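The structure under discussion appears below in the form of C-alpha cells.
The values are calculated or read from the model by the stated rules, or taken from the named source; none is laboratory data. Keep in mind that this is a model prediction, so the values were computed, not measured. Glycine gets a Cβ as well: all are built from the backbone with ideal geometry, and neighbour counts include every protein chain shown. Just so you know, the surface numbers come from the protein's heavy atoms only, side chains and all, with ligands and any DNA or RNA stripped out. Shrake-Rupley method; radii C 1.70, N 1.55, O 1.52, S 1.80 Å.
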Amino acid sequence: MQVLSRRLPWYQSQTFFHCVAACLAIGLASMGVLLALALHSLEFDLKRRMLAAQDLLLDSKKLHQTSVLLQAEMHELKEAVSTIREEVPDSPEESSFLAQLSKLATQEKISVSEFRPGSTLRFSDHRELELSFNCSGSYEGICKLLARLPEIPRKMRLSQLNLSPPSAQQGNYRAELRLRLICTLESEGDRPKPSREGVGS
C-alpha cells in the first residue's frame with residue numbers, strides 16, 4: 001500500500017509558528033526598551049523637578065533672610081532719622097537747650113548767667129542760632145561742663161571761649177562762651193512773604 005504525503009498549509013507549519021514567536025519576542029523586547037526609556041525620562045524629569053524645588057526653597061530662604069535684613073536696616077534708619085530730628089529740630093528751641101545746660105551746670109557746681117540769644121545765620125541746608133552765656137566756678141568744673149556739652153542731644157558749634165582767672169574779690173574762674181545751635185531751614189509757609197505794597201504805584 002502506498003502512503004501519500006500531505007503538505008500542511010503554510011500558516012500551520014512549524015516555521016510559521018517560529019516566525020510568529022520571534023516577532024512577538026522582538027515586539028515585547030521593543031516595548032520593554034520603550035518602557036525603560038519612558039521610565040528613564042520620567043525619572044530624569046522627577047529629578048529635575050526636585051532640584052528646581054530645592055532651588056526654589058533655597059531662594060525663598062534667601063528672600064526671607066534678605067527681607068529680615070532689610071527690615072532691620074529700615075528700623076535702624078528710622079531710629080537714625082528720629083535721632084537727627086531730635087538733634088536738629090525745626091526751630092532753635094533755645095529754652096530747652098538752656099534747661100539741659102543748666103542741669104549739667106548744677107551737677108558740676110557751675111553757675112550759668114547772662115544767657116543771650118543772638119542772630120540767626122542761614123545756610124543752604126540749615127540755620128544756626130548764635131547763643132552766648134557766662135559760666136563761673138572752679139577750673140575743673142568748667143572743664144567738665146565743656147566736656148559734657150555733647151551729652152545734650154543737639155547739634156552745636158562752639159565758636160568762642162574766653163576763660164578769665166579768678167580775681168582778688170572772687171575766687172571763681174569765669175568763662176564766656178559763644179556757640180551756635182543748628183536747626184533745619186524754615187518751611188515755605190513759615191518764611192515771610194515779600195510785601196506787595198507799592199506794586200503798581
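Other residues whose C-beta falls under 12 angstrom from the C-beta of I110 contribute a net charge of +3, scoring Lys and Arg +1 and Asp and Glu -1. Solvent-accessible surface (1.4 Å probe) assigned to D59 amounts to roughly 80 Å². For the pair R122 and L158 in one chain, pulling the backbone fully straight at 0.36 nm per residue adds 11.3 nm over the alpha carbon distance.
Sorting R127, R48 by accessible area puts them as R48, R127; the probe is 1.4 Å, largest comes first, and only protein heavy atoms count.
A straight Cα-to-Cα reach below 17 Å connects K103 with the lysines K144, residues fewer than 8 places away in its own chain not being considered. In this label model, E176 and S138 are separated by 2.6 nm, measuring between points 7 Å along each Cα→Cβ vector. Measuring only protein heavy atoms, the 1.4 Å probe finds I110 accessible over about 10 Å².
With all protein chains kept in place, the per residue accessible area of the range 90-137 amounts to 54 square angstrom at a probe of 1.4 angstrom. Applying 0.36 nm per residue to the separation of E114 and S67 and subtracting their alpha-carbon distance, the gain on full extension is 11.5 nm. Neighbours of A175, meaning other residues whose beta-carbon lies under 13 angstrom from its beta-carbon, give a summed charge of -1 when Lys and Arg score +1 and Asp and Glu score -1. Residues T106, T120 ordered from highest to lowest accessible area at a 1.4 Å probe: T106, T120. Applying 1/(1 + (r/R0)^6) with R0 = 45 Å to the Cβ-Cβ distance of Q169 and L98 gives a FRET efficiency near 0.95. Annotation: D90 carries an accessible surface of approximately 100 Å², with a 1.4 Å probe and no ligand, DNA or RNA atoms counted.
Site pair E76 and Q107 shows an inter-label distance of 2.8 nm when each label is modelled 7 Å from Cα along Cα→Cβ.
For the residues C143, C183, a 1.4 Å probe over the protein chains yields an accessible-area ranking, largest first, of C143, C183. Within the shell defined by Cβ-Cβ distances under 11 Å, the residues around R148 carry a net charge of 0, with Lys and Arg each +1 and Asp and Glu each -1.
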